[in-house]
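Here the structure comes first, spelled out in structure tokens, and everything after it is commentary.
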Amino acid sequence: MELRLYDTLTKEKRVFTPIDPSNVRMYVCGPTVYDFAHIGNARPVIVFDVLFRLLRHIYGTDHVTYVRNITDVDDKINDRAGRDFPGLPLNEAIRKVTEKTAAQFQADVAALGCLPPTHQPRATEFVAPRADGKADMVTLIRQLIARGHAYEAGGEVLFDVQSMPDYGLLSGRRLDEQKAGARVAVDAHKKNPADFVLWKLSSDNEPGWDSPWGRGRPGWHIECSAMSAAYLGEVFDIHGGGLDLIFPHHENEIAQSRCAHGAHAMANYWMHNGFLQVEGEKMSKSLGNFVTINELLTTEKFGGRKWPGEVLRLNMLRTHYRQPIDWTTKALEESETILRRICGRIKQFDYVRRGMAAKERSGQLNLSPEILEALVDDLNTPLMVSRVGELKYDDDFDQALLSIGIDVFSYARWLRSQEQQAGSNVDELVAARLEARKRKDFAESDRIRDELAAMGVVLKDGKDADGKPVTTWEIAR
Ligand SMILES: Nc1ncnc2c1ncn2[C@@H]1O[C@H](COP(=O)(O)OP(=O)(O)OP(=O)(O)O)[C@@H](O)[C@H]1O
Ligand SMILES: [Zn+2]
């Protein structure tokens, strides 16, 4: 079965052919660590985790290299450090902010079922030339100047967009059109208003590194060009991120990497996820319409209750990654109902098989063709999830959900802990009611049914294959 991916650069779904099937290489832009991540920020992390899992399934677990960076140098970080730790020297304050935020990010995305990427480089470690010879920002900028693609002016090093004839291909914003629009403020020292910063000088109270152009710090775009080259080489397979990164961030990454390396491409497939929205608007820090991953998991801020990671993840994947998602309580409740239904089936597993399934889960997944077929079609997770409901065997849906990073057993444990917290064990009550019915003690069986109904549990009586009475249950919504 062929994997097909939508490529923003060529604007078509194309068959994925890796440069080297024994080492498939993917880079995704990671967080700027100055604040808690909101659930919108989680979307690219989850989407590309699904792709990482699929690539590992197709090419083998050890044949995929996934790099997601951490941006720990940024003026937003400096501002936050000054505000949160006014008594500390700036560098120390910055370290506190970035370490705390990065650790929180890792914990949040792990709770959403995301695997750690193969490498998670921090930008600050790739500014100056490295002892191990891996790519770094200062060397890249020197190469750009040497090849005539960058110049020094006004205390900055700038990329010269006119030196690259096909600048603007990814976003479709060609230079001639931009000039006609002329909306970009013209800085007097720039040759062209679209020229962007590779390096800028730092004042004494700003973080800085020594460089041929004085003590300064890198622009945002050059970070990703350096870190991707450091781990994936000059040309690699897939580059991903949110839609908002197409311009200027990815456009400028392409310009820097191609021009510094003299290469025809930076990555062969460019993938972008759509926005997570609230009432039709992008969830973002600047608009203030956000809820953090941590708040969803641990507080009752959204919809008056906590949400387990599996429900958040399933909800994200019930919409195709390129479409917008409206983040609502109603959609979360629907996602939870789907998971509960599946767990209702798990409750009928015999425990020996469950143990076996757990063992198989550590190895290569055994995916049914209809599940794989949906996933390889540009990650059609909504279709895939609808097909999970039609699978026959418990192991099949366990494996299917695991392929998109949802562990039903972990969710079942969460459900159970919720039930226990509520001081009840629904299963035991259901079994006691069945016993009462067998004894024809209908007063008792009705009493138990009412007790369960008061807890929001709806019972469904039926017969199993041998004609014996069985009762399944779900939480009413
Ligand atoms: N609402 C959203 N929906 C989907 N992806 C998003 C959303 N907001 C941010 N992202 C993605 O999250 C990643 C991190 O982005 P970035 O660090 O720029 O976020 P941010 O600065 O918190 O954004 P904002 O200020 O808009 O909230 C990027 O890949 C970006 O595309
Ligand atoms: Zn980037």
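The values are calculated or read from the model by the stated rules, or taken from the named source; none is laboratory data. All values derive from a computational prediction rather than experimental measurement. When we count neighbours, we look across all protein chains shown, and the Cβ atoms used for this are built from the backbone with ideal geometry, even at glycine. Ligands, DNA and RNA are excluded from the accessible area calculation, which covers all protein heavy atoms including side chains. Shrake-Rupley method; radii C 1.70, N 1.55, O 1.52, S 1.80 Å.
Checking the cross-link filter: which aspartates and glutamates have an alpha carbon closer than 15 Å to that of K463, excluding same-chain neighbours under 8 positions apart? The qualifying aspartates and glutamates are E435.
Taking all protein chains together, R447, R68 sort by accessible area into R447, R68, largest first [probe 1.4 Å]. Sorting K190, K96 on solvent-accessible area from highest to lowest, probe radius 1.4 Å, gives K96, K190. List the pairs from K285/K330; K96/K330; K76/K100; K13/K190 whose alpha-carbon separation is above 27 Å, in the order I gave them. The pairs that break the limit, which is 27 Å between Cα atoms, are K96/K330; K13/K190. For the chain, what's the relative contact order in percent, using C-alpha pairs closer than 8 Å and at least 6 residues apart? This gives 16 percent for the chain. For K282, the aspartates and glutamates whose Cα falls under 14 Å of its own Cα, not counting residues fewer than eight places away in the same chain, are D244, D326. Against the chain, whose longest principal axis is taken from its Cα atoms, helix 137-146 shows a tilt of about 40°. For the pair region 67-115 / region 429-476, the C-alpha centres are spaced 52 Å from each other. Adding -39500 (n - 2.57) for every DSSP H run of four residues or longer, then dividing by how many residues the chain holds, sets the calculated 222 nm ellipticity at -13000 deg cm²/dmol. Accessible surface for H249 stands near 0 Å², nearest 10, in the context of the full protein assembly shown (1.4 Å probe). Within a straight-line Cα-Cα reach of under 16 Å, K306 can be paired with the following aspartates and glutamates, leaving aside sequence neighbours fewer than 8 residues apart in one chain: D108, E295, E333, E334, E336, E419. Given +1 at the Cβ of Lys and Arg, -1 at the Cβ of Asp and Glu and no other charges, the dipole of the chain around its Cα centre is 560 debye to the nearest 20. Say the dipole of region 412-475 comes from +1 at the beta carbon of Lys and Arg and -1 at that of Asp and Glu; which of A412, L434, W473 then lies farthest toward its positive end? Highest projection toward the positive end goes to L434.
In degrees between 0 and 90, to the nearest 10, how far off the longest principal axis of the chain does helix 351-360 point, with axes built from Cα atoms? It is inclined by approximately 20 degrees.
Across R25, R345, the residue with the most accessible area heads the list, and the full order at a 1.4 Å probe is R345, R25. In plain terms, the chain from H63 to K191 could stretch by 41.7 nm, reckoned as 0.36 nm per residue minus the Cα-Cα distance.
Per residue, the chain exposes 46 Å² of accessible surface when a 1.4 Å probe is rolled over the protein heavy atoms with every protein chain present.
With everything on Cα atoms, drop me the angle between helix 408-421 and the longest principal axis of the chain, reported from 0 to 90° to the nearest 10. Approximately 60 degrees, to the nearest ten. Across the accessible surface of the chain, with the other protein chains kept in place and a 1.4 Å probe, carbon and sulfur atoms take up 50 percent.
Rounded to the nearest 0.05, what FRET efficiency do E152 and K11 have when you use their Cβ-Cβ distance and R0 = 45 Å?
The formula returns an efficiency of 0.80 here.
Taking 10 °C and 1.306 mPa s as conditions, region 4-273 diffuses translationally at an estimated 82 µm²/s according to Stokes-Einstein applied to its Kirkwood radius (Cα pairs). Measuring with a 1.4 angstrom probe and ignoring ligands and nucleic acids, S211 comes out at about 20 Å² accessible. Measuring with a 1.4 angstrom probe and ignoring ligands and nucleic acids, E253 comes out at about 0 Å² accessible.
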